[in-house]
Amino acid sequence: MIRCAIAADADAMDKFLSRYAASSMFLRGNLAAHGTQEREHRQGTTFYLSEDKNGIKAVAGITNGGYLMCQAPDAPKSFFDRVAKMLNGLTIAGMTGEPRQVSKMLIAIGCDKMAFALREQEPLYALDLAEMMPLTLQECSLVKPLPDNLPWLAEWFLGYHEDSGLPLPSGSDVDDLAVTFAANPDARLLTVNNRPVAMSNLNARTLDTVQIGGVYVPPEHRGCGYGGEIVLRHLHEVRSEGIGKAILFAASAFAARAYEAIGFSHIGAYEVALFKEPLRIKT
């Protein structure tokens, strides 16, 4: 049976998703932050469950912003086809997840041959924070962004999206992204002598795991180890809050080397598939 999740399903869903934590962070993070019934926030998610007498077997979700996700490692084709029918009429901007599952879901909703702004498999990394390296650049400080930072933060976001190839969210510009970042309690800047040199964020958080995202070092500050240092300092901070594990996916070989240098292990692949234009699902 496949059905929409209700609030009472949250604990069972998270228990299932935690078995596949590395590729479930957006699902788990949205569930932790917004529950099952949030229909206004962009990251609020409608969840679909497949279950039998032994419990949950697969989970899919679509955010209010139109991003599709799933965790269905052993699900038959019928699961993806049934979810596609339940999504009929909704608008999708893209999908992320374990590559084989992304492929199956995009085929089911008839979008696998559509025009993509970005579709690539990125290396997936994990780090046990109990084994984290010590800080290396003692002259650096980790700080929260301030409203005064907005003008140059907008330039940084422009550079970040140009470097990563990620399109801007529909209806947003770099000024919007800078404002959202500055207001985010999980956003951080790395400074040297009070001069910002890098930024990072948490794009998903649960009680036990975080997913690092939005790491950016502007060109004039590259080659100094600041990308790895801001991630390391950010993770030292969340470890003090009881977080035990970190996940991230690397957008480039340069970024991958920086993450490996601070202890992250390559554990698989994660696919990002973003359409050039939002598409209405017709199944």
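The values are calculated or read from the model by the stated rules, or taken from the named source; none is laboratory data. Since the structure is predicted, the reported quantities are computational estimates derived from the model, not experimental observations. Cβ atoms come from the backbone with ideal geometry, glycine included; neighbour counts cover every protein chain shown. Protein only, heavy atoms only, side chains kept; ligands, DNA and RNA dropped before computing areas. Shrake-Rupley method; radii C 1.70, N 1.55, O 1.52, S 1.80 Å.
Structure summary
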quantity	calculated
Residue within segment 150-172 that is within 29 Å of residue 73 (Cβ to Cβ) and modelled with pLDDT of 95 or more present	no
Positions within segment 233-265 being more than 18 Å from the chain's Cα centre (by Cα) and within 16 Å of residue 134 (Cβ to Cβ), in sequence order	233, 236, 237, 239, 240, 261, 262, 263
Given (1) surrounded by fewer than 18 Cβ atoms within 10 Å (Cβ to Cβ); (2) of a type in the set (Asp, Glu); (3) touching a residue at least 24 places away in the same chain (Cβ under 8 Å); (4) farther than 23 Å from residue 180 by Cα, number of the condition residue 271 does not satisfy	(1)
Top-ranked residue in segment 34-62 [being of a type in the set (Lys, Arg) and in contact (Cβ under 8 Å) with a residue 12 or more places away in the chain; ranked as surrounded by the fewest Cβ atoms within 10 Å (Cβ to Cβ)]	39
Condition met for residue 202 (under 30 Å from residue 15 (Cβ atoms) and either of a type in the set (Lys, Arg) or assigned to a strand (DSSP E or B) (or both))	yes
All positions within segment 58-108 that are assigned to a strand (DSSP E or B), hydrophobic (A, V, I, L, M, F, W, C) and over 14 Å from the mean Cα position of the chain (by Cα)	58, 59, 60, 92, 93
Residue pairs meeting the criteria (Cβ under 7 Å; at least 6 apart or on separate chains; first hydrophobic (A, V, I, L, M, F, W, C), in segment 14-33; second in a helix (DSSP H, G or I) and open to solvent by 10 Å² or more (accessible area, probe 1.4 Å))	31/10; 31/14
Selected residue [closer than 22 Å to residue 143 by Cα, assigned to a strand (DSSP E or B) and open to solvent by less than 70 Å² (accessible area, probe 1.4 Å)] from 243, 212	212
